[in-house]
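Participant: One structure, as structure tokens, below. Some questions next.
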Amino acid sequence: MTVPDVKRLMPETLEHPFLYFDRSDLDRVRALCLNGTHADVYAQTRERLNAHLDLPFPTPPPRQDSYRNGIWEAYSRLSAEARNLVEDYVLAYAVDQDQAYFEKAWEGLASMMSWPSWVHPVHEFMLLDLDGSHTCACFAAAYDLLYDALSENQRRELEFMVFARGLAHCIGGMQRHFWASRYDSNWCSVCVSNMGLCAMAMLDAGHIHLRTEIRPREAMLGVIRECIERITKFYDGIQNDGSWKEGPGYWNYGIVTSFPFSDALRRLTCGQINLYDHPKLRNTVEFPINCFLPPDRVVNFADCGKHFPDGMAFRKFAQEYGNRAAAYFDRVTTDRRPSIRLAELFWDATDTVPELPAPPHPSAYFPDAGWCVMRGSWKDPNAPIMALKIGATVEPHGHADVGNYIVHAGQRTVVRELGIGRYGDPGEWIFKATHGHNLPLFDGQGQPGDRRLVGTVEKTEFTGAHDYLRASIAPAYGIEKLTVFVRHFLFLRPALIVVIDEIEVTDATRMESRIHFSDTAEIAGASAALGDGDTVVNARLLAPSEAVFHMGRHEDLKPGHADAESLDVGYLKIDTVLESGSAMFAVAFGIDCDPADVVLKPRNGSITVSRQEQTFRMDTALV
């Protein structure tokens, strides 16, 4: 990759503000916020800011409590609230020129300067992390927009803080940080982009050189150049099929956080450096879009919350690329309300007509990540969806869930998984382990979470009548006596889903296979009615003939904030002892219909699944 000559392309002299918009844009910003498209949102924000003028700024809990009672998430939440409040007061001062807003913004900055560190307590061994980079970027934004109103001493304080707690750890190279080269992780994008913004804001910093031998402009240009190189490699890390292995939630966080840096770089170089031209960036939005579960949920494999990613990513894709589906999901997630975040003030996709996706086939398969979404219809929000994940046992924010699946119908995820746990809590393990997914355990053992083992997709077929995927799962367990575990996923439109497991072991093995459900279950031998709201999914064991469902339950779970209500989750289980040799297990899910008439016929190296006039034949893994 050839990195552009930043020194030549970056202006020699700059006049603040210039980071998110320049001095000539200030009248436009005021017009938008006072009587333009942003007026309603700004008026609500101003009312909130006025009510907070006499209140203290949010302060994270004591660092020694960071691992206790869920304080891990509280620390990040409160530090983010403080940053957002400062940026809101900074914008309010720029719009209204009310000195009270300037003083309150400075109060918030001073409060954050008094924190012992900007690095999250869980990451105390690190010099710079996600929280720290966000706080540095907040200071850079305040420095840039308040520059004329700040005294020389105030500017000096901000410069010193951004330097000491951020840029000092980047000048000369970021290679010392693990996240700098994690091009498959949101960490790279977030930390690198934020520090790139800081370096831009401090290009002409007049005090950083005091008591150091640093030449500010030269040092900042070096940081910016490295940030361009690393963000480009982060975009290179997008899979060829557009997928992101961390899942839609962290796709959203990593991608959208890179855009303010890309915007500022393009503006300051007069369009000569445009990271939006990266060939993998344009189509990656198709990944989260295809993970959409109506009305507002998402395929939540890996560390992903169950709600569809919100924020402004879809608006930016609609604005930059004219993507109509992205415009549609901008409307779904934001109702197209304008944002008054400093970096997002000019993100506007009103020229792009929102349009529900209408691909030739409603399903989507992302082979590079090993994710597949078998969708009944885009037009009918109640249509069934089965999503499944093959992939690997270890990925960034991944789970030991090769072969896992969920079933969504009637706008409810009826067959679910545990979701995302509370980071840093001892109870987080079960959210990541095979035990919390729709998979079997062998002698109580699932897939390893500390070794990267992979499953293999062996066949796919997508037609108007059915979707089918076959995968070898056994290698992902790493269990010597488990010689074969092939899972077949079949979706017979419009309303039948069948999952078939072929298993071979070389010694007697206890197997417990789990199917987690979202709300209620009524079991009657080999049948179970799974209910959630008005949706009923009828599950029936097709093989072996003597198998029955039992009930299990996870209790006193400690879920993350994205799944806060998932404290107790029930599951169906098939509990049996496998003798040495081969066995087959099959379960059918009928969406608001009874799969009792589904017929399963293994014969001559194939398995035929039939229901009424529907028939599908698949090759077996075991003879």
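Participant: Please report the base-10 log of the normalised intensity I(q)/I(0) for the range 74-156, using a Debye sum with one equal scatterer per alpha carbon and no solvent, at each q in 0.12, 0.17 (1/Å).
Facilitator: So the normalised log intensities work out to -0.35, -0.66.
Participant: Given the convex hull of the Cα atoms of the range 391-447, what is a quarter of its surface area in nm²? Display every interim value, and only then the final one.
Facilitator: Details: hull surface 18.5 nm².
The directionally averaged projection comes out at 4.6 nm².
Participant: Accessible area, 1.4 Å probe, largest first: how do THR456, THR615 sort?
Facilitator: On the way: THR456 70, THR615 90 Å².
From most exposed to least exposed: THR615, THR456.
Participant: For the Cα atoms of the chain, what angle does the longest principal axis make with the long axis of helix 216-236, in degrees from 0 to 90, nearest 10?
Facilitator: That helix lies at roughly 20 degrees to the long axis.
Participant: Okay, next question. What net charge do the residues around GLY533 carry, taking every other residue with its C-beta under 9 Å from that of GLY533, with Lys and Arg at +1 and Asp and Glu at -1? If you can, show how the numbers build up before the last one.
Facilitator: Values: positive: ARG412; negative: ASP519, ASP532, ASP534.
Its environment carries a net charge of -2.
Participant: Calculate the length of the line joining the C-alpha centroid of the range 455-489 to that of the range 292-345, in whole Å.
Facilitator: After rounding, the separation between the Cα centres reads 32 Å.
Participant: Okay, moving on. Separation of the range 29-54 and the range 176-231 by C-alpha centroid, Å?
Facilitator: Comparing the Cα centres of the range 29-54 and the range 176-231, I get a distance of 32 Å.
Participant: Can you check what the Kirkwood hydrodynamic radius comes to for the chain, Cα pairs only, in Å to one decimal?
Facilitator: Values: mean 1/r = 0.0381 Å⁻¹.
It works out to 26.3 Å.
Participant: I need the phi-derived Karplus couplings for the range 73-80: 6.51 cos²θ - 1.76 cosθ + 1.60, θ = phi - 60°, integer Hz, Gly and Pro marked x.
Facilitator: After applying 6.51 cos²θ - 1.76 cosθ + 1.60, I find 6, 4, 4, 5, 5, 6, 5, 5 Hz.
Participant: I've got another one for you. Output wanted: per-residue J couplings in Hz (rounded whole) for the range 96-102, from phi through Karplus 6.51 cos²θ - 1.76 cosθ + 1.60, θ = phi - 60°, x for Gly and Pro.
Facilitator: Values, residue by residue: 9, 6, 8, 4, 4, 6, 4 Hz.
Participant: Moving on. Which net charge results for the neighbourhood of GLY173, defined as the other residues with beta-carbon distances under 15 angstrom from its beta-carbon, given Lys and Arg at +1 and Asp and Glu at -1? Intermediate results must be reported in sequence, preceding the final value.
Facilitator: Numbers: positive: ARG176, ARG225, ARG230, LYS233; negative: GLU218, GLU226, GLU229.
Cβ neighbours under 15 Å give a net charge of +1.
Participant: Let me ask something else. Check ASN404: other-chain or 5+ apart residues with amide H under 5 Å from its amide H, H built from backbone geometry?
Facilitator: LYS389
Participant: How big is the gap, in Å, between the Cα center of the range 576-623 and the Cα center of the range 365-403?
Facilitator: 22
Participant: I'd like the accessible area for PHE346: 1.4 Å probe, protein heavy atoms, all chains in place, Å² to the nearest 10.
Facilitator: Approximately 50 Å² of PHE346 is accessible to the 1.4 Å probe.
Participant: Measure nothing fancy, just the Cα-based angle from helix 186-201's long axis to the longest principal axis of the chain, in degrees from 0 to 90, nearest 10.
Facilitator: 10
Participant: I've got another one for you. Quote the accessible area belonging to LYS316 in square angstrom, nearest 10, computed with a 1.4 Å probe and with ligands, DNA and RNA left uncounted.
Facilitator: 10
Participant: Amide H of LEU542 versus every other amide H placed in the peptide plane: which residues, excluding those fewer than 5 positions away on the same chain, fall under 5 Å?
Facilitator: ALA586, VAL587, ALA588
Participant: May I ask you to list the GluC sites (Glu not before Pro) in the range 1-52 that are in a DSSP loop and have at most 16 other Cβ atoms within 10 Å of their Cβ?
Facilitator: Values: sites: GLU12, GLU15, GLU47; in loops: GLU12, GLU15.
Passing sites in the range 1-52 are GLU12, GLU15.
Participant: Also, I was wondering about something else. For the range 323-388, build the convex hull from the C-alpha positions and give me its volume per residue in Å³.
Facilitator: Values: hull volume 8.4 nm³, N = 66.
Each residue corresponds to 128 Å³ of Cα convex hull volume.
Participant: How much accessible area does TYR365 have with a 1.4 Å probe, in Å² rounded to the nearest 10?
Facilitator: So the heavy atoms of TYR365 present about 70 Å² to solvent.
Participant: Per 5 Å bin, what is the whole-percent P(r) computed from every C-alpha pair distance within the range 163-292?
Facilitator: Over the range 163-292, the share of Cα pairs per 5 Å bin runs 2, 11, 21, 22, 17, 13, 8, 4, 2, 1, 0 percent.
Participant: Would you please give the residues with an amide H less than 5 Å from that of ILE420, counting only those at least 5 places away or on a separate chain, with H modeled from the backbone geometry?
Facilitator: Long-range HN contacts for ILE420: GLY560.
Participant: Let me ask something additional. Just the ratio, please: alpha-carbon radius of gyration of the range 463-542 over 2.2 N^0.38 Å, N its number of residues. Mind dumping the intermediate values first?
Facilitator: Numbers: Rg = 15.5 Å, N = 80, 2.2 N^0.38 = 11.6 Å.
Its radius of gyration relative to the 2.2 N^0.38 Å reference: 1.33.
Participant: Another one. Note the angle between two axes, namely the Cα long axis of helix 248-268 and the longest principal axis of the Cα atoms of the chain, as a number of degrees from 0 to 90, rounded to the nearest 10.
Facilitator: 30
Participant: Using helices alone, I'd like the mean residue ellipticity at 222 nm for the chain: each DSSP H run of four-plus residues gives -39500 (n - 2.57), total over residue count, nearest 500. Before the final figure, lay out each step's value.
Facilitator: Values: 14 runs with 186 residues, N = 623.
After summing the helix terms and dividing by residue count, I get -9500 deg cm²/dmol.
Participant: So, one more: Please report the carbon-and-sulfur percent of the accessible area for the chain; probe 1.4 Å, protein heavy atoms only, DNA, RNA and ligands left out.
Facilitator: 48
The values are calculated or read from the model by the stated rules, or taken from the named source; none is laboratory data. On a predicted model such as this, the values are computed, not experimentally measured, just so you know. In this analysis, Cβ positions are derived from the backbone assuming ideal geometry, glycine residues included, and neighbour counts consider all displayed protein chains. Each accessible area value is taken on the protein alone, full model and side chains, heavy atoms only, with ligands, DNA and RNA left out. Shrake-Rupley method; radii C 1.70, N 1.55, O 1.52, S 1.80 Å.
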